[in-house]
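Reading through the structure tokens given below for one structure.
Throughout, read-outs are computed from the coordinates displayed, never taken from laboratory work. Being a predicted model, the structure only gives us computed values, none of them experimental. All Cβ positions, glycine included, derive from the backbone under ideal geometry; neighbour counts span all protein chains shown.
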Amino acid sequence: MLKIRNLQSGYGNLRVLKGISMHINPGEIVAIIGANGAGKTTLLNTLCGIIPLQSGEIIFNNNNISNTSAEKIVQKGCSLVPEGRQIFDILTVKENLLLGAYTLRKKLNHSSYDYKKILRNEIEKIYSLFPVLKEREDQLGGTLSGGEQQMLAIGRAMMARPDLIMLDEPSMGLAPVIVNDIFKTIIQLREQGKTILLVEQNAKAALNIADRGYVIETGQIVLEESSEGLLNNNDVQRAYLGKDYKSIDEL
Ligand code: ATP
């Protein structure tokens, strides 16, 4: 579904990503783990067209999207749930969700009557995934709890009907019980046919639900393995996992 070859990008003269190559197969959950400042957010922002790439190639669903705008990339089926949620505080839950469908109209090219029906259906799908969002439909985004905001950020990304959802640190700042709920939701999204790229500092939780993982250090992939292999790798355990990590059955 996604193939990246020798990707380089950064900010001005600063080169953060120094030749990243990786791939994601349809239906996979792939985790990217790495320390603060390793380049994880830069990678996701480059993949979704927010940061221009300096060199390399990104192939998504057999299309070369290396120099494609963020809007077009969303339209092609790749959505980002950004670091820190980036909810619009002064818009309601429903308005935040509708914004997520901004590119859907162009993608579907339906009459306005059909389009309203489609939007209603999409919103209902999000509400069945996150019932609390239905209860809060008219509440301002800025007044939601951190966990509710994360659900809203995921729902907003889903509104574009993506094939690939990229999540940047969804567990950040959330209580463990909420983190478990969010990770269970990610499993549900995969069961609904979505492909997931998950960036996490919470390596244990990410590898517990992922099929494979990549370890990124100072802008380079230093390890690629099955999640099981990474969880059992001594270097990974020392650098990124505490001693007593929980298995998926305990989540
Ligand atoms: P974290 O887990 O802390 O978010 P990360 O792995 O996501 O870290 P990035 O946010 O991609 O790392 O940052 C990688 C490097 O790029 C860091 O050295 C950071 O200081 C630098 N950087 C990030 N954003 C910018 C920016 N807007 N301008 C200049 N440098 C930046």
query = Cα to Cα, under 24 Å, and not fewer than 8 places away if on the same chain: which lysines meet these conditions relative to residue 184?
reply = 40, 94, 125, 134, 194, 204, 243, 246
inquiry  = Straight-line reach from residue 107: which lysines fall under 16 Å, measuring Cα to Cα and dropping same-chain residues less than 8 apart?
reply    = 72, 76, 116, 117
task = Give the residue from 50, 102, 201 lying farthest towards the positive end of the charge dipole for the chain; charges sit on Cβ (+1 for Lys and Arg, -1 for Asp and Glu) and the dipole is referred to the Cα centre.
result = 102
GNM result for the chain, Cα springs below 10 Å: residue of 228, 122, 148 fluctuating most strongly = 228
query = Which whole-Hz couplings ³J(HN,Hα) result when phi for each residue of the range 202-211 is put into the Karplus expression 6.51 cos²θ - 1.76 cosθ + 1.60, θ = phi - 60°, listed in order with x for Gly and Pro?
reply = 7, 5, 4, 4, 5, 5, 5, 10, 8, 7
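Hey, what number do you get for the chain at 222 nm if only DSSP H runs of n ≥ 4 count, each worth -39500 (n - 2.57), divided across all residues, to the nearest 500? Could the numbers behind the result be given before it?
Details: 11 runs with 98 residues, N = 251.
Calculated from helices alone, the mean residue ellipticity at 222 nm is -11000 deg cm²/dmol.
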query = So what is log10(I(q)/I(0)) for the chain at q = 0.08, 0.11, 0.12 1/Å, when the Debye sum runs over its Cα atoms only?
reply = -0.30, -0.58, -0.69
request  = Grab the beta carbon distance between residue 11 and residue 118, set R0 = 35 Å, and tell me the FRET efficiency rounded to 0.05.
outcome  = 0.35
key: Charge dipole (the chain, unit charges on Cβ, about Cα centre) - positive-most of 131, 24, 185   = 24
task = Per residue of the range 152-158, in order, report the coupling 6.51 cos²θ - 1.76 cosθ + 1.60 (Karplus, θ = phi - 60°) as ³J(HN,Hα) in whole Hz, putting x for Gly and Pro.
result = 5, 5, 5, x, 4, 5, 5
remark   = Between residue 125 and residue 54, the two model label points (7 Å from Cα along the beta-carbon direction) sit apart by a distance in nm of 3.9 nm
When the range 45-139 is reduced to its Cα atoms, the Kirkwood hydrodynamic radius in Å = 15.2 Å
query = the range 1-70 to the range 132-148: how many Å between their Cα centroids?
reply = 31 Å
inquiry  = Among 89, 163, 235, which one shows the highest mean-square fluctuation when the chain is modelled as a Gaussian network with alpha-carbon springs under 10 Å?
reply    = 235
remark   = Quick numbers on the range 107-197, Rg and Dmax over C-alpha atoms in Å, give 13.9, 44
request  = Tabulate in residue order the Karplus-calculated ³J(HN,Hα) for the range 185-196, using 6.51 cos²θ - 1.76 cosθ + 1.60 with θ = phi - 60°, rounded to whole Hz; enter x for Gly and Pro.
outcome  = 5, 4, 4, 4, 4, 5, 5, 7, x, 7, 9, 10
ask   = Which residue fluctuates the most in the chain, going by a Gaussian network model with Cα springs under 10 Å, if the choices are 136, 105, 238?
value = 238
